[in-house]
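Contents: one structure, followed by commentary.
The values are calculated or read from the model by the stated rules, or taken from the named source; none is laboratory data. The structure presented is a predicted model; accordingly, all values stated were derived computationally and were not measured. Methodologically, a virtual Cβ is constructed for each residue, glycine included, from the backbone with ideal geometry; neighbour enumeration extends over all protein chains shown. Keep in mind that these areas ignore ligands, DNA and RNA; they rest on the heavy atoms of the full protein, side chains included. Shrake-Rupley method; radii C 1.70, N 1.55, O 1.52, S 1.80 Å.
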Amino acid sequence: MQNDLTIERQLDALKMKRGVEVLPQRHTSVRCDVCGDEDVLGICHHCHRYLCSRHIARPYFYQEPSWEFKGLTPDWRKAVHCEDHRHFVFAFRRMIVWPALIAALITGLIFLTHFATLSGFITRLTQDVNTYAVWATWAALSRYQGANQLVYFTALEIARPSLVSALTGLILLAIAGLGEWAYRKHGVPSPEKQGPEPTLIPVLHKRYRVTVEESVQVQFKAKWPDSTFALRPQPGQVQVQVVPGRDAELTARNAFFDKWGGSGTLSSGYVALDMPYGTDLHTGLDQRNVGKQPWNLMMATCGHFPDPEHWNSVISKTYTLGAEVLGNAHGLQEGHRFWVLPVLKPFRAGRTIEILFGFAPPWSAYSWNLRHLTSEVLSPDLFSEDDVAFPVQEVNGRIDRSNMTVRWSNWPLSRKLERWPAMTFVRPVTELRRPLILHFELETDAPLSGLHVGADRLWLPTGNPIPSEHLVEQLHSRITGELEIHPEFFAYTREFVTETLTGAVDQVTFDPASFSAILRQFAERHALTVYSLIQSTPMISPQSNATMKQWDVWGRYYVEFYPIDMHVILSAEQRSGEPGSQVRFSVTCRVLEDCQVAYLNTMSQQVEERAVTLSQSVRDELVALLQAG
């Protein structure tokens, strides 16, 4: 059993004690090509450069997107461009056509207002005899007196508002027509008119899936003084699959033919493999920018979707995990991000072996599961040629007597693990006649390399990110290995025992409930796990006529991954007629130290000092708690 001190904190403390930095370098191989910002929003669909939100070219207020993807994708207006390949066009409709039409409409309303006034005057002039007589007499006298211009100017003044508004409206309609003609003639920029015809047919899919598989093999030979520990990475694989839908390919090809009059290759977009330092992508290219195109950007293209209603692979790449990903390989398990260690369980006469698994950051943040841990055949003559019984006496896994093996399956390695896989033999393990060999497999739902291929690393053919709700991620990593334990590996285990500290307190109101409260406080203050509590049968002393009770408590505390076992014996004596009890107790701590491993041996002094201070602290607090009642 283990307390709340997690393996991550244990290993961090151990590494910092040795002056080793365990946190990996912050990395990303996907950055804005202009400023280096890690928050990449899109890629230029012409040159395929990564761009952040600040360096994606956007049209000015007098510009608008071209028609290069119009009719091919719904989001054709959002196609991503860099500054070198921006080809926006003058917004003829927004800047000329629509303003001219709106102005013509307003002018038409004005014309109708003035024309109503003019038509009313003409109607009155033709229907009212008196009005007609007055105007006719005035016109005749003016002509008789030679003032013909006055007559013309008066008639023009009456009709001028209507004529001006009508003429203005006609001019505005002509401007709108010319603007629409210019938009249709020049709306597509020169790169599309004069350049080569496109050969990629953009296809939008219903679903996307990214699958990442990584594995590492471990070989640990626990033999003093020639112990060896090795991590061997296997090639990782990343695969991108899509579900286009039944008619997606046919619809895309027909739209492309209608627009460009030809055919081409189906394009599902782009995928950036955000590779960490120390990985080698098997692309046949150097890991550097070729021209301005990123080396780790893959174009998802294919000639045909064999099964449009199911998953179709568009990208499949392999890569190699390097030493930077696994950690340094100097010394036994030293610097690695994974370790496995067999230890003897204290107070079991050297017959119980625990198998400890641990991870350094960033692997310690993952959710690990021990899929299986299996021993090889455990023959009865494992200790002596004359033995006929199965050599394992007790196990917290499953014993398969038909195959003479022990197996642990689906064992979650949580960050607050209370127990480890353990097996107890019929004899001390130092008497083994040959090594123990165990095979194990661990799995997690995260890539060991730190490879990142998420929704922010997949883009549509237009250069925009795919909708995150359409993406399914399947990440899986495995650590498989063989653990070979030689009996001499435990021959150097020694026990350290602190001085037994005693105490006594008189007139204490003491009962099992108060003792349980004391144990809970110890567990909270010292991260102490109580794994054995024995209460003796109450006895009555014939000499003093006093009732005597006794408790025997075993607990465990961890320093790094070293367990300190604490033994507390507490007795309470209550005399007849007295209100309180006299309580006596003793505190002792024990540690089993594995001195055969160099970097574990360096912690021996620290563990011994902690055992001494722990026993003293428990003694002092026990006195204080008893006195407080």
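Odds and ends about this structure:
- Listed peptides 296-306, 349-359, 525-535 by packing density, highest first (mean Cβ within 10 Å): 349-359, 296-306, 525-535
- At a probe radius of 1.4 angstrom, the accessible area of the range 458-522 per residue rounds to 47 square angstrom.
- A Förster radius of 41 Å, combined with the Cβ-Cβ distance separating Glu469 from Thr318, puts the computed FRET efficiency at roughly 0.90.
- Rg/Rh, computed from the Cα trace of the range 408-545 with Rh as the Kirkwood radius, has the value 1.20.
- Proximal charge balance of Pro233 [Cβ under 15 Å; K/R count +1, D/E count -1]: -1
- Accessible area (Å², 1.4 Å probe, nearest 10) - Asp258: 120 Å²
- Residue-span extension gain [Asp511 to His85] - 0.36 nm each, minus C-alpha spacing: 145.0 nm
- Compared with the alpha-carbon gap, the fully stretched path from His310 to Ala365 is longer by 16.4 nm at 0.36 nm per residue.
- Protection-proxy order for peptides 68-74, 480-486, 380-386, each taking the mean of Cβ atoms within 10 Å per residue, highest first: 480-486, 68-74, 380-386
- Summarising the label geometry, the points placed 7 Å from Cα in the beta-carbon direction at Asn545 and Asp400 lie 6.7 nm from one another.
- Separation of the alpha carbons by more than 20 angstrom is noted, of Lys70/Lys185; Lys78/Lys317; Lys223/Lys345, for Lys78/Lys317.
- Peptide ranges 242-254, 459-471 listed from the most packed, as the mean C-beta count within 10 angstrom indicates: 459-471, 242-254
- All Cα-Cα separations within the range 465-517 were binned at 5 Å from zero, giving a P(r) of 4, 8, 7, 8, 6, 7, 6, 6, 9, 10, 9, 10, 6, 4, 1, each value a whole percent of the pairs.
- Length added when fully stretched, Leu200-Phe496, from 0.36 nm per residue minus Cα-Cα: 99.2 nm
- With each label modelled as a point 7 angstrom along the Cα→C-beta vector, the Ala116-His439 pair spans 9.6 nm.
- Rounded to the nearest 0.05, the FRET efficiency derived from the C-beta distance between Asn254 and Ala174 at R0 = 41 Å is 0.60.
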